[in-house]
Amino acid sequence: MELNHGENWLGYFVEEPMNVREAFDPIWDEFISCASEDWFVVKEGGIPPERCSLIFGKLYIVNVNDDCQLQWNDDGGGHQVPMVRSVSEIFPYEETYDYSPIIIESLDDPDIQEVGLFLNDECIGATPVGEFPLQLLAFVPEETRGDEIYTFMLYNGNRQFIEKKDYKIYDEGLGLYIEKEMSLEPYSMTYVRFDNDEIVYPFKLMANHPNPFNPTTMIKYSIPDDSPVELAIYNIKGQKIKTLIDGWQSKGLHDVLWDGKDNNDKSVASGIYFYKINFNNKTDIRKMTLLK
């Protein structure tokens, strides 16, 4: 069968179940993710592909990074035991047509039996505690996307509920878990960890987004200590055209929006620009492109 770049809806009609790793082995270089009604698998990170199996007659959303051809093995996977999503007995919630998968890497309390995710006072997903990493499917109402504050509720089995508003989210740009607001998108993985370890931020200037851009782009950076910071934009000639930050900044992750204008509030021309950060006698610089 032919798969196109991006999302593809596939039906599995081989009698024997087959785990995700084996099923998509012929196109593993192109494979990005596979979503079922019970689980969500990516190539690396989250629940292992070997733990999840395709089942006869079920539909799956498969995401690939290029056009490719896939042929199922007609013999199936040889008596694979399909993974079935465990149902919460403590936290009732309503399922919708899509979900946002959340991976919980660890819990700081070994007595926790179930984890629920709440939006305001409504549970939108839950999972019993079993083999780590845990996967919780969050069914976020469409009308609430974009302005959400999420709270985890942990149940320890003694009729005790522990509210968790403080948790860490994995930031791909930094490559570490940090405290920040959780933003959930359909079929996009979010990694969560509960611990009390102090976050050690690196000195890092991240790629702007979008790039190329017109006319605005977001620049993110992190610093390990409270310190003066300068962040400025330079043209291809090395001339400073815009100062975005010039002052004291607290340690942690920061972002700033550049609107494509110089210090005189005039729009700059299309072309290549550089953004440079100075922090504690350290410097980093990156390139970006403005296209009009």
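Every number here is computed from the coordinates shown, using simple stated rules; none is lab data. A quick note: this is a predicted structure, and the numbers were derived from the prediction, not measured. Neighbour counts run over all protein chains shown; Cβ positions are idealised from the backbone, glycine included.
Applying the Karplus relation 6.51 cos²θ - 1.76 cosθ + 1.60 with θ = phi - 60° to region 226-233 yields 3J(HN,Hα) values of 5, 5, x, 9, 10, 10, 9, 9 Hz, where x marks Gly and Pro. Close amide H contacts of S33 (hydrogens built in the peptide plane, cut-off under 5 Å, sequence separation of 5 or more or a different chain): N63.
Please state the shape class of the chain: rounded when a/c is under 1.5, otherwise prolate if a/b exceeds b/c and oblate if not, all from the C-alpha gyration tensor. Oblate. Sequence-ordered 3J(HN,Hα) estimates for region 282-292 from the Karplus curve with 6.51, -1.76 and 1.60 and θ = phi - 60° stand at 10, 9, 9, 9, 9, 10, 8, 10, 9, 10, 10 Hz, glycine and proline given as x.
Mind listing which GluC sites (Glu not before Pro) in region 83-123 are in a DSSP loop and have 10 or fewer other Cβ atoms within 10 Å? Don't skip to the end; give the middle numbers.
Details: sites: E89, E94, E95, E105, E114, E122; in loops: E89, E94, E95, E105.
Answer in residue order: E94.
If R0 is taken as 22 Å, the Cβ-Cβ distance between E181 and E142 corresponds to a FRET efficiency of 0.70.
Test of understanding: ordering E7, E30 by Cβ neighbours within 10 Å, fewest first, what list do you get? Intermediate values should be presented prior to the final figure.
Values: E7 14, E30 19.
If I rank by nearby Cβ atoms, fewest first, I get E7, E30.
Relative contact order for region 140-255: 16 percent, from Cα pairs under 8 Å spaced at least 6 residues apart, divided by residue count. Using the average count of surrounding beta-carbon atoms within 10 Å as a protection proxy, the listed peptides 239-250, 61-72 rank, highest first, as 61-72, 239-250. Whole-Hz Karplus values for region 178-187 come out as 9, 7, 7, 5, 7, 10, 10, 10, x, 6 Hz, taken residue by residue from phi with 6.51 cos²θ - 1.76 cosθ + 1.60 and θ = phi - 60°; glycine and proline positions read x.
The distance between label points at L257 and Q113 comes to 4.7 nm (points 7 Å beyond Cα on the Cα→Cβ vector). Each helix, a run of at least 4 DSSP H residues, gives -39500 (n - 2.57); summed and divided by the residues of the chain, these come to 0 deg cm²/dmol at 222 nm.
Applying a 10 Å radius around every beta-carbon, put 164-172, 148-156 in order of their mean neighbour count, most first. Intermediate results must be reported in sequence, preceding the final value.
Working: 164-172: 14.6, 148-156: 17.8.
Ranked from most to least packed, the peptides come out as 148-156, 164-172.
Extending 7 Å from Cα along the Cβ direction at R51 and again at D195 yields two label points whose distance is 1.8 nm.
Near E114, the amide H atoms lying under 5 Å from its own belong to V129, Y155; only residues 5 or more places off or on other chains count, and H is placed 1.01 Å from N. Compared with the alpha-carbon gap, the fully stretched path from K58 to N281 is longer by 74.5 nm at 0.36 nm per residue.
What is the chain's relative contact order, in percent, from Cα pairs under 8 angstrom and six or more apart in sequence? Mind dumping the intermediate values first?
Details: 653 pairs, mean separation 36.7, N = 292.
Relative CO of the chain lands at 13 percent.
Exposure proxy ranking for K266, K292, K58, based on other Cβ atoms within 10 angstrom of each Cβ and starting from the fewest, stands as K266, K292, K58.
Here the label points at M1 and E172, each 7 Å from Cα along the C-beta direction, are separated by 2.6 nm in the simple model.
Here is the link list: K43/K165; K204/K261; K43/K204; K220/K276. Which ones come out longer than 18 Å on Cα distance? Mind showing how you got there, number by number?
Values: K43/K165 29 Å; K204/K261 24 Å; K43/K204 26 Å; K220/K276 12 Å.
Check vs 18 Å cut-off fails for K43/K165; K204/K261; K43/K204.
When you restrict to C-alpha pairs under 8 Å that are six or more residues apart and normalise by the size of region 2-69, the relative contact order lands at 55 percent. Quick one: putting +1 on the C-beta of Lys and Arg, -1 on the C-beta of Asp and Glu, what dipole do you get for region 100-193 around its Cα centre, in Debye to the nearest 20? Approximately 180 debye in magnitude.
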